[in-house]
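Participant: After the C-alpha cells below, expect a handful of questions from me.
Derivation of every value follows stated rules applied to the coordinates shown; laboratory data play no part. Quick caveat: nothing in here was measured; it's all calculated off a predicted structure. A quick note on method: Cβ atoms are made from the backbone with ideal geometry, for glycine too, and the neighbour counts reach across all protein chains shown.
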C-alpha cells in the first residue's frame with residue numbers, strides 16, 4: 001500500500017492544477033478531473049497509513065514496556 005499511496009501525489013496536485021487550462025483543451029474535463037481526484041485520494045491514503053503506522057509502532061512499544 002505504501003507504493004500506491006505515496007507522498008509524490010502531493011507534488012502532482014498543484015502541478016495538475018497549474019496545467020489545467022492546457023490539459024483541459026487537450027484531454028477534456030473528465031480525464032483531468034479523474035487524475036486530479038485520484039492524486040488527492042492517494043495523498044489522503046498516504047496520510048492515513050502514516051498515522052496508522054505511527055500509532056501501531058507506539059502501541060507495540062508500550063506493549064514491550066509492559067512485558068519488561
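Participant: Return the Rg/Rh ratio of the chain with Cα-based radii and a Kirkwood Rh.
Facilitator: Values: Rg = 18.1 Å, Rh = 14.0 Å.
Rg/Rh for the chain comes to 1.29.
Participant: Continuing with this model, one more query. Quick check: pseudo-label points 7 Å beyond the Cα along Cα→Cβ at residue 66 and residue 37, how many nm apart are they?
Facilitator: The two pseudo-label positions are separated by 4.3 nm.
Participant: Return one number: the angle in degrees, 0 to 90 and rounded to the nearest 10, between the long axis of the Cα atoms of helix 29-67 and the longest principal axis of the Cα atoms of the chain.
Facilitator: So the helix axis and the longest Cα principal axis differ by about 10 degrees.
Participant: Shifting gears a bit: I'd like to compare 50-56, 30-36: which one has the highest average count of other Cβ atoms within 10 Å, and what's the full order after that? Display every interim value, and only then the final one.
Facilitator: Working: 50-56: 10.7, 30-36: 14.0.
Most protected by this proxy first, the peptides run 30-36, 50-56.
Participant: Quote to one decimal, in nm, the extra length available between residue 56 and residue 4 on full extension: 0.36 nm per residue of separation minus the C-alpha distance between them. Provide the component values of the computation, followed by the final result.
Facilitator: Numbers: separation 52, 0.36 × 52 = 18.72 nm, distance 1.99 nm.
That works out to 16.7 nm of additional length.
Participant: Once you've got the GNM for the chain with C-alpha springs shorter than 10 Å, pick whichever of 15, 48, 25 has the biggest mean-square fluctuation.
Facilitator: Result: 25 has the largest fluctuation of those listed.
Participant: Mind checking the angle between helix 8-18 and the chain's longest principal axis? C-alpha axes, 0 to 90 degrees, to the nearest 10.
Facilitator: With both axes taken from Cα atoms, the answer is about 20 degrees.
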